[in-house]
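Beneath this line is the structure, given in structure tokens, with notes to follow.
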Amino acid sequence: MVCVLIMACLMDLERYAISNYFLIGSGLLGLGITACRDGLFAGAERIGAVIILIAVLFPLFVLHVLGAADIKLFAVIGCYYGIKLSFRCVLWAFVLGGLMSLFKMIRQKELRARLLWAFHWGAELLRSGKFRPYQRYAGQYEQDTIHFTWAMLGGFFLTIWMSR
């Protein structure tokens, strides 16, 4: 899994994308390893974990909080480790991603403007009751995003370390 995450991080750095073939192949490998090691029932449980992870994280994709590749990479973690460890990894990745975003906003001297934008976005959501994507800067994708795969890698390491 560590190799899969590192390769995904490198792909993300290079082109802000992770190959679907890579993700599907990695997920199938994880399911195969699980089925061979722990039996077909364990493999079926991991498929359930993948479905639950995608269903729970999909609203964050709709809001443009997470990318599709990030959700698929969490699903790959579910293929290898199941639902409990995957959700702990998701939580740690969100903590690390939040810290990465905070440091990036401070470095770019945009913390105040971003907090005001978040307040405006939340107020508009409450007023209208309609969800809309959070991102505000069209055309400045690289400036407004972080390489969340690195937060996922860190979250994975923290999850493994804390579960021992």
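The values are calculated or read from the model by the stated rules, or taken from the named source; none is laboratory data. Since this is a predicted model, take the numbers as computed values, not measurements. With ideal geometry, Cβ positions are generated from the backbone for all residues, glycine too; neighbour counts draw on all protein chains shown.
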Original post:
Any idea how many residues of region 100-113 are assigned to a helix (DSSP H, G or I) and without any contact (Cβ under 8 Å) to a residue 24 or more places away in the chain?
Top reply: 8
Original post:
So which residues in region 123-151 are at pLDDT 85 or above, farther than 13 Å from residue 65 by Cβ and not aliphatic (A, V, I, L, M)?
Top reply: 124, 127, 128, 147, 149, 150
**OP:** Among the helices (runs of 4 or more DSSP H) lying completely within region 6-95, list those that include at least 1 residues that are over 25 Å from residue 161 (Cα atoms), polar (S, T, N, Q) and in contact (Cβ under 8 Å) with a residue 12 or more places away in the chain.
**Re:** 20-38
Subject >> Count of region 67-89 residues which are buried (at least 22 other Cβ atoms within 10 Å of the Cβ) and of a type in the set (A, V, I, L, M, F, W, C) >> reply: 7
**OP:** Output the qualifying pairs, or none if there are none: Cβ atoms under 6 angstrom, residues six or more apart or on different chains, first residue in region 150-161 and under 9 Å from residue 92 (Cβ atoms), second residue aromatic (Phe, Trp, Tyr) and crowded, with 19+ Cβ neighbours inside 10 Å.
**Re:** 155/92; 158/92; 159/92
**OP:** Mind listing whichever residues of region 51-102 are modelled with pLDDT under 90 and polar (S, T, N, Q)?
**Re:** 101
